[in-house]
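*Asks:* Before anything else, here's the structure in question.
The values are calculated or read from the model by the stated rules, or taken from the named source; none is laboratory data. Bear in mind that the values here come from a model prediction, so they are computed numbers and not experimental data. All Cβ positions, even for glycine, are placed from backbone atoms using ideal geometry, and neighbour counts span all protein chains on display.
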Amino acid sequence: MRSLRPLRRLAPLVLVAGLAAGTAACGSNDDDAAAAADATPTTMGVVQPTASAAPGVRLLDAPAASAYLQATPGVQIIDVRTPEEFAAGHLAGAQLIDIQGAGFTEKLDALDRNTPYFVYCRSGNRSAVATAQMQEMGFTNVAELQDGINAWTAAGLPVTNA
């Protein structure tokens, strides 16, 4: 089977072209859309969606995620790692909903679909699965930490054990 690696290099170009066409066609008055159209991915901190990002989920790098958490009233932080990983260090205010634990879907189902949520794991794999499931369940305001808590701590951002 042939490698898809050469196609991955084209994905950002196709995505940017598609976003530009979609933005022009939509004619949105949304201030966030206008700001995003004027910003580059590096200046706005929003990572271009990848195969790991669910459609409609904002994938944020660590500095942008920190700013998002500070600027978003009522945001709920969800850590989808194991209890052992959570105990070793997590974002302040995070609630643990272990994606591998019993009742994960039921715990998500009990959450308000309109509340803003910020989801993370260790490296971004489990949070991508969780946010995709949240989208399927009708959650409307979801952000995900790109590369998980590994990127958060690598950026020098704080974690807590409390």
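*Asks:* Just to check your reading of the model, which residue among Asn125, Asn161 is in the same structural domain as Ala62 (by TED's automatic domain parsing) and in contact (Cβ under 8 Å) with a residue 24 or more places away in the chain? It would help to see each step written out before you state the result.
*Replies:* Numbers: Asn161 fails: in the same structural domain as Ala62 (by TED's automatic domain parsing).
None of the other options fit; the residue is Asn125.
*Asks:* What about Leu91, is it within 26 Å of Pro55 (Cβ to Cβ) and touching a residue at least 60 places away in the same chain (Cβ under 8 Å)?
*Replies:* Working: within 26 Å of Pro55 (Cβ to Cβ): yes; touching a residue at least 60 places away in the same chain (Cβ under 8 Å): yes.
In short, yes.
*Asks:* Considering only the stretch 103-121, state which residues are assigned to a helix (DSSP H, G or I) and either in contact with a His (Cβ under 7 Å, 6 or more places away or on another chain) or crowded, with 19+ Cβ neighbours inside 10 Å (or both). Spell out the reasoning first.
*Replies:* Step one: list which residues in the stretch 103-121 are assigned to a helix (DSSP H, G or I), which gives 104-109.
Matches in the stretch 103-121: Leu108 only.
*Asks:* Cβ-Cβ distance below 9 Å, separation of 6 or more or different chains: which pairs start in the stretch 71-85 with a residue that is touching a residue at least 24 places away in the same chain (Cβ under 8 Å) and of a type in the set (S, T, N, Q) and end on one that is in a strand (DSSP E or B) and buried (at least 16 other Cβ atoms within 10 Å of the Cβ)?
*Replies:* Hits for this filter: Thr72/Phe118; Thr72/Ala143; Gln76/Tyr117; Gln76/Phe118.
*Asks:* Which residue is surrounded by the fewest Cβ atoms within 10 Å (Cβ to Cβ), if the candidates are limited to the stretch 66-102 and must be within 24 Å of Gly156 (Cβ to Cβ) and hydroxyl-bearing (Ser, Thr, Tyr)?
*Replies:* Going through the qualifying residues, I end up with Thr72.
*Asks:* Are any of the residues in the stretch 143-158 farther than 20 Å from Phe86 by Cα and not in a loop (DSSP other than H, G, I, E, B)? I'd like the intermediate steps shown before the answer.
*Replies:* At the first step, the residues of the stretch 143-158 found to be farther than 20 Å from Phe86 by Cα are none.
So far as the stretch 143-158 goes, no, none of its residues is farther than 20 Å from Phe86 by Cα and not in a loop (DSSP other than H, G, I, E, B).
*Asks:* Would you mention how many residues in the stretch 130-162 are of a type in the set (A, V, I, L, M) and surrounded by fewer than 17 Cβ atoms within 10 Å (Cβ to Cβ)?
*Replies:* Initially, the stretch 130-162 is screened for residues of a type in the set (A, V, I, L, M), giving 130, 132, 134, 137, 142-143, 145, 149, 151, 154-155, 157, 159, 162.
Applying the additional criterion that residues be surrounded by fewer than 17 Cβ atoms within 10 Å (Cβ to Cβ) yields 137, 154-155, 157, 159, 162.
Residues flagged as of a type in the set (A, V, I, L, M) and surrounded by fewer than 17 Cβ atoms within 10 Å (Cβ to Cβ) within the stretch 130-162 amount to 6.
*Asks:* To continue, here is another question. Determine whether Asn114 is modelled with pLDDT under 95, of a type outside the set (A, V, I, L, M) and assigned by TED's automatic domain parsing to the domain that holds Val80. Quick ask: steps written out before the conclusion?
*Replies:* Details: modelled with pLDDT under 95: yes; of a type outside the set (A, V, I, L, M): yes; assigned by TED's automatic domain parsing to the domain that holds Val80: yes.
The answer is yes for Asn114.
*Asks:* In the stretch 45-63, what count of residues is obtained for those that are within 20 Å of Arg126 (Cα to Cα) and at pLDDT 95 or above?
*Replies:* Of the residues in the stretch 45-63, the ones within 20 Å of Arg126 (Cα to Cα) are 46-62.
Then drop every residue that is not at pLDDT 95 or above, which leaves 58-62.
The total comes to 5.
*Asks:* Hey, another quick one. Looking at Gly148, Gly56, can you tell me which residue is on the phi > 0 side of the Ramachandran plot and free of Cβ contacts under 8 Å to residues at least 40 places away in the same chain? Walk me through it before giving the result.
*Replies:* Numbers: Gly56 fails: free of Cβ contacts under 8 Å to residues at least 40 places away in the same chain.
The unique qualifying residue is Gly148.
*Asks:* Would you call Gly124 touching a Ser or Thr at 6+ places or on another chain (Cβ under 9 Å), closer than 23 Å to Gly156 by Cβ, surrounded by 19 or more Cβ atoms within 10 Å (Cβ to Cβ) and at pLDDT 95 or above?
*Replies:* Working: touching a Ser or Thr at 6+ places or on another chain (Cβ under 9 Å): yes; closer than 23 Å to Gly156 by Cβ: yes; surrounded by 19 or more Cβ atoms within 10 Å (Cβ to Cβ): yes; at pLDDT 95 or above: yes.
Considered against the rule, which asks whether it is touching a Ser or Thr at 6+ places or on another chain (Cβ under 9 Å), closer than 23 Å to Gly156 by Cβ, surrounded by 19 or more Cβ atoms within 10 Å (Cβ to Cβ) and at pLDDT 95 or above, Gly124 comes out as yes.
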